[in-house]
Amino acid sequence: MKEYDHKKIDPPTLKLRTGKKKMAEYNHLRIEKKWQNIWEKNGIYHANNNSKKPRYFSLIEFPYPSGAGMHVGHIRSNTAMDIISRKRRMEGYNVLYPIGWDAFGLPTENYAIKTGIHPIKVTKDNTDTFRKQLKALGFSFDWSREINTTDPKYYKWTQWIFLQLLKKGLAYKAKMFINWCPSCKIGLANEEVVDGACERCGTVVEKREKEQWMLAITKYADRLYKDLDDVDYLEKIKIQQRNWIGKSLGINVTYPIEGLNKTVTVFTTRPDTNFGATFLALAPDGIFVKENLSFFPNKKGVLAYIKQVNKRTDIERLAEGKKKTGVFTGLYAVNSLNNKKMPMYVADFVLGGVGTGVLVGVPGHDMRDFEFAQEMKLEIVRVVVGPDGDTSPITRKEQVQEDTGTMINSGFLNGIDIHEATKKIMEYMEEKGYGKKVTTYKLRDWVFSRQRYWGEPIPVVHCEKCGVVPVPEKDLPVKLPMVKNYQPTDSGESPLANISKWVNTKCPNCKGEAKRETDTMPNWAGSSWYFLRYVDPKNNKEFASKKNLEYWLTSPQPLSLSRRGGNTGGIDWYNGGMEHTTLHLLYSRFWHKFLYDLKLVPTSEPYMKRTSHGMILGEGGVKMSKSLGNVINPDDIVKTYGADTLRLYEMFMGPFDQSVAWSSDSIMGPRRFLERVWRMSRTVLDMDSKMSRTVLDIKFEMRIHQTIKKVSEDIEAMKFNTAISSLMIFVNEVEKNNFPLSTFHLKTFLQLLSPFAPHIAEELWSILGEKKSINLSTWPKWDENLIKNEEIKIAVQINGKLRAEIMIGADDKEADVQHRVLNNEVVLKHIAGKEIKKVIYVKDRLISIVV
RNA sequence: GCCCGGAUGGCGGAAUUGGUAUACGCGCACGACUUAAAAUCGUGUCUCGUAAGGGAUGUGGGUUCGACUCCCACUCCGGGCACCA
């Protein structure tokens, strides 16, 4: 590549090129291929299921092998966790850093439909491409444990877990309105609908009533919420999950209905304002309306209103803004607190799925209730006085007091703060027998049916006599039939329904005629437990052996890595995208807890630690996408600059947790750095190794120890950018001082570099005469005593302004330093004729004089 | 609307968590090498000023000997949730 002229940089006093073998130029293509082959041949990244070493399980989200191949954004997480994994190996851990493919799902199926190539073949081709790409980057995956969710040997166990859920009543069928994407022709989970549109294709979703398989994740809502306290997740991840689960404490209040021998129950978190309740509003799709419509005096009007509401999609409903509509039912509920008659309305701002599907309107203290009351000309009663002291009737929305204040017009609650009042009235209502404290969650049960081909068949059959019958475990897996046509249907039925040969089967129970379930699982199914399979990927008897699960999830860790708090084990470190926080991350916690309850996994949480990476954007800060033509393919970068450069650049670009824009100019920085590392190593090797060391060598002993500390600590904090910058600083210093580096310290430097740029580090390591892989060497330790500078530059401030800098000895006493400073020429000039009021001394930092 | 982030040179970003703002990298300028270019190496690179010195971390206030960092009020950008009773 390049020939270096180092006449200028080599110190004239040193003997150069002593005839030892000359190092070739830095040829990334040759080196990277060479070491990837050697590593693979020697299996040095294989994890051992029976090791005396402490275990370390590091995990990335397994990729979806799309047809487009990977782009540079996909490997940010892989690189980060590869660095962590490599460091752990060098620290003496038995590391499991696995990889696999999450390959069921729509993109593959759609591509297959478009091209006529079978999804099995598409998946095979795509995984081959991805595997090649990943291997070219030198990740230290244990490839012997590679898994694929579309492999029948794998999805056998996905189906098996489903059967356990079914057995425990957590999988059930329900007829319900689902989000139907008319373009993908598939039902969507709530989590897959974004702004009323399909997350994948952007088409506005429709409501369709359909019988669906559901998973009762809400049964675990409380634990999924509470156990977040015990895990070491990034705070923003915990917050997002908590918001999604949406726990709220409130009370169900039951009101009698006037003239009817019936009651209506309302959920409210604000019973404190109940003296100000003036109406009730019912959700058009709520249970109350469904069950009691025939009793409504204004049945006709209500029916007309519901019909009109149903015509609109969610998008239209929200686009019309906050203008509230509704219709009076003709019924009145009676407020037991004050015997007030509250008219009951049907209104579409009330959601059937929230609380009981009925809300009690307190227009004085809730903005939506206020808007509705204004539209319907309903009474508004003030029961709270806010900090502004306003006690006048509420007629403007600015007066609506929601979050703070003191009660008035509320009988025994008068004068009490609203929060206190909430507690008090809850107890009162429970005592009187018409209130019951409850906790509700925003989280809904998980819609688990998909009407498509390329997914795990749901392993049940429908028998006319026996009903839904699970496929016996011994008959698993229920394999997807090989067919030519898997076009989705408009009817909302799975394409599997057309394959009569497959559908028609015998009931395992009565041996009579039966039909297979034709819905398949969503592609979140396979990823909800995949990490467990890694510990025992070839097991045909169980999804993973107890022994391996226990070793990889719960075997004791050395003190330095064990966590405080209630955590009892799990995967040590899991990094992934924020976009999975309320999907995969939540689903997999749910499945894991379920398996824990069956005593099939040894920990109640799957992941001890979860971090997240920022996206890599295209040049100019826009999203990388095929349509914009700004996708950077890692293959091109690897070819031109090398895998080491790409890895280094991705980690150097900016803070790991923030999004950064790709820059094809900036990548030269890391490339040049590696070339300088190469040259530094060559120069050090060229020099006579027995040459006597000067003062400079002590300086570099200190430097290397500072670098060990910085790199070690920064990797743990995922501050890869500053770790790399400290490596660069080290090389700069060595160059500037004409390479006064011993091979011993050079080797230490290469060890620090190796997690980031494993190939070049390994090559130089071997050139320096090491026989064993640098990856199996011991991570260097720093000595605090060697880090300390003997001389320190401190700042001198006068009235907060920097006026001078002085050098002091590390052990100089404060009094001596002060004395020197106060006699400093510059300082004297600035304090002349003034009285010194105060002197502040910050050790090793500065001295601040106030005059 | 609510909840999280974020704003620092021409650009990506750093700052020991209250202690010398702009590390490291990119880019740019000049110089060396070269017939020349590229590459490489060296020097410089926030800003006003000849200098002494002054001003700069989105805006405006505050606390402090000292603020990118803490507090109050705002602006803009990114992400999440959203008629959740």
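The values are calculated or read from the model by the stated rules, or taken from the named source; none is laboratory data. Just so it is clear, the structure is predicted and the values come from calculations on it, not from any experiment. Neighbour counts run over all protein chains shown; Cβ positions are idealised from the backbone, glycine included. The accessibility values were calculated without ligands, DNA or RNA, using every heavy atom of the protein model including side chains. Shrake-Rupley method; radii C 1.70, N 1.55, O 1.52, S 1.80 Å.
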Computed over the Cα atoms of the stretch A:322-458, what is the ratio Rg over Rh, Rh following Kirkwood? 1.09
With all pairs of different alpha carbon atoms counted, what Kirkwood hydrodynamic radius in Å does the stretch A:344-421 show? 13.4 Å
Treating the beta-carbon of each Lys and Arg as +1 and of each Asp and Glu as -1, no other charges, what is the dipole magnitude of chain A about its Cα centre, to the nearest 20 debye? 1900 debye
I'd like the FRET efficiency for A:N789 and A:Y441, computed as 1/(1 + (r/R0)^6) with the beta carbon distance as r and R0 of 60 Å, rounded to 0.05. 0.60
Of all accessible surface on chain A at a 1.4 Å probe, what whole percent is carbon and sulfur? 52 percent
Pairs A:K185/A:K207; A:K340/A:K432; A:K397/A:K437; A:K710/A:K788; A:K173/A:K465: which exceed 20 Å Cα-Cα? A:K397/A:K437
Quick check: residue separation of A:N539 and A:L776 times 0.36 nm, minus the Cα distance between them. What number comes out in nm? 82.4 nm
Separation between the A:N498 and A:K547 pseudo-spin-labels, each 7 Å from Cα along Cα→Cβ, expressed in nm? 4.9 nm
Of A:K156/A:K501; A:K87/A:K546; A:K719/A:K813, those spanning more than 24 Å from alpha-carbon to alpha-carbon: A:K87/A:K546; A:K719/A:K813
Pop a pseudo-label 7 angstrom from the Cα along the beta-carbon direction at both A:I38 and A:M367 and give the gap in nm to one decimal. 6.5 nm
Which value, in Å², gives the accessible area per residue of chain A when a 1.4 Å probe is used on the protein heavy atoms? 46 Å²
The aspartates and glutamates whose Cα lies under 18 Å from the Cα of A:K41, excluding any fewer than 8 residues away in the same chain, are A:E32, A:D142, A:E146, A:E762, A:E763
Give the residue from A:I178, A:A804, A:A544 lying farthest towards the positive end of the charge dipole for chain A; charges sit on Cβ (+1 for Lys and Arg, -1 for Asp and Glu) and the dipole is referred to the Cα centre. A:A544
Helical contribution to [θ] at 222 nm, DSSP H n ≥ 4, -39,500 (n - 2.57), averaged over chain A, rounded to 500: -10500 deg cm²/dmol
With a Förster radius of 56 Å, plug the Cβ-Cβ distance of A:S51 and A:S248 into 1/(1 + (r/R0)^6) and report the FRET value to the nearest 0.05. 0.75
For a Förster distance of 35 Å, can you work out the FRET efficiency between the beta-carbons of A:K341 and A:Y172, rounded to the nearest 0.05? 0.30
What is the ratio of the Cα radius of gyration of chain A to 2.2 N^0.38 Å, where N is its residue count, to two decimals? 1.19
What is the spin-label model distance, in nm, from A:M578 to A:T722 if the labels are put 7 Å beyond Cα along the C-beta direction? 2.1 nm
Helix A:643-652 against the longest principal axis of chain A: what's the angle in degrees, Cα atoms only, rounded to the nearest 10? 70 degrees
Output the 0 to 90 degree angle, nearest 10, between the alpha-carbon long axis of helix A:668-686 and the longest principal axis computed from the alpha carbons of chain A. 30 degrees
List the lysines whose Cα sits under 19 Å from the Cα of A:K300, skipping any in the same chain fewer than 8 residues away. A:K290, A:K311
